[in-house]
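Please read the structure below before turning to the comments.
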Amino acid sequence: MQHTDPNPDPNPIPARTPTPPGTPPGSPLDAASHAPELVARLRAAGCVFAEDEARLLCRTARGADELADMAARRIAGEPLEHVLGWAAFAGLRIAVGPGVFVPRPRTEFLVRRAAACVPEGAAPLVVDLCCGSGAVGAALLAACGGRGELHAVDIDPAAVRCARRNLAGPGRHVHEGDLFAPLPTRLRGRVEVLTANVPYVPTGDLPLLPPEARDHEPRPALDGGPDGLALLRRVAAQAPEWLAPGGTLLTETSSAQAPEAARVLAGAGLEVTVTTEEEPPATVLAARRP
Ligand SMILES: C[S@@+](CC[C@H](N)C(=O)[O-])C[C@H]1O[C@@H](n2cnc3c(N)ncnc32)[C@H](O)[C@@H]1O
């Protein structure tokens with residue numbers, strides 16, 4: 001469980017799992033009395049942040065039996081977030097279950113770049129393709145003060161179920177299907193912010209992913225085709241007809257993929273800006289419809 005990720009980008013577990021706002025201060029289990037043994041077992045299993053993980057497990061479990069079960073799953077290699085049932089993302093607690101992609105801390109940069117496209121006080125029309133748990137859309141609307149209309153899409157029914165939990169409420173819609181296909185046609189030419197954290201691991205690199213990703217996240221959530229950009233090419237081809245004039249598509253790639261991704265987006269007639277963040281390393285392309 002030590003993270004020896006050879007691919008700099010698809011890191012399945014936050015380097016450090018912070019306690020998100022909303023975590024109850026007390027818990028049914030006393031972390032102090034359970035933690036020392038649990039920390040030792042987690043550490044022996046290779047968990048780098050064993051103390052943090054033990055504290056989170058103790059806070060989340062509703063009793064000793066559940067804690068034992070959760071600890072066993074984590075020690076067996078399940079992602080911490082799948083065991084907890086949630087991931088901390090952009091200050092939110094995002095529900096995430098087995099078989100659903102765990103939102104990565106670096107993707108918070110994509111959310112910040114998307115939020116920067118929204119004028120102060122505006123209520124944007126947002127589409128989030130490849131939404132997974134719905135983390136990006138949930139965080140973006142939260143950054144917009146809850147204003148806006150969101151349409152999130154995923155092809156995987158498990159992800160759609162999860163996204164519906166995270167995106168409940170008026171103005172939030174989750175659709176099941178392939179990229180733009182399930183979107184209402186009335187959105188054509190009107191989308192102001194289009195986020196698409198598509199799968200972008202090159203197929204040949206999938207075996208290099210850490211076991212948490214390889215064994216516990218669905219392959220379609222990771223596999224971006226021969227050079228990792230197959231899904232992005234499909235998104236780029238259709239984005240101009242869905243974006244409003246001045247609307248922006250935002251997507252994440254590895255730093256190595258960014259030049260080719262920029263060519264793809266520019267080839268679709270979009271004005272591309274590439275921005276990076278150092279910690280955690282993140283590359284985001286913003287592609288604006290003129
Ligand atoms: C890298 S994950 C990103 C999930 C989420 N946006 C996030 O950042 O946490 C990619 C997601 O794309 C979905 N996906 C893959 N191919 C798709 C397609 N053709 N249409 C819609 N969703 C797709 C997968 O099911 C997966 O949930």
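Annotations for the structure displayed:
- Residues being under 18 Å from residue 158 (Cα atoms), part of a strand (DSSP E or B) and more than 10 Å from the ligand (Cβ to nearest atom) - total across the range 94-139: 1
- Number of the condition not met by residue 269 [criteria: (1) loosely packed, with under 15 Cβ neighbours inside 10 Å; (2) in contact with a Lys or Arg (Cβ under 6 Å, 6 or more places away or on another chain)]: (2)
- Scanning the range 194-248 for residues being at pLDDT below 95 and of a type in the set (Ser, Thr, Tyr) gives a total of 0.
- Taking each residue of the range 125-153 that is closer than 16 Å to residue 182 by Cα and looking for partners that are assigned to a helix (DSSP H, G or I) and within 7 Å of the ligand (Cβ to nearest atom) with beta-carbon atoms closer than 8 Å, six or more apart or interchain, yields 128/136; 130/231; 131/159; 132/159; 132/221.
- Being buried (at least 22 other Cβ atoms within 10 Å of the Cβ) and among the aliphatic types (A, V, I, L, M) is a property that residue 75 lacks.
- Matching residues in the range 150-168 - criterion: being surrounded by fewer than 24 Cβ atoms within 10 Å (Cβ to Cβ), near the ligand (Cβ under 9 Å from one of its atoms) and not in a helix (DSSP H, G or I): 155, 156
- Looking only at the range 273-290, residues that are of a type outside the set (S, T, N, Q), in contact with a strand residue (DSSP E or B) (Cβ under 7 Å, 6 or more places away or on another chain) and surrounded by fewer than 19 Cβ atoms within 10 Å (Cβ to Cβ) come to 3 in all.
The values are calculated or read from the model by the stated rules, or taken from the named source; none is laboratory data. Computed from a prediction, not measured in an experiment: that's the story for all the values here. Cβ: placed from backbone, ideal geometry, glycine included. Neighbour counts: every protein chain shown.
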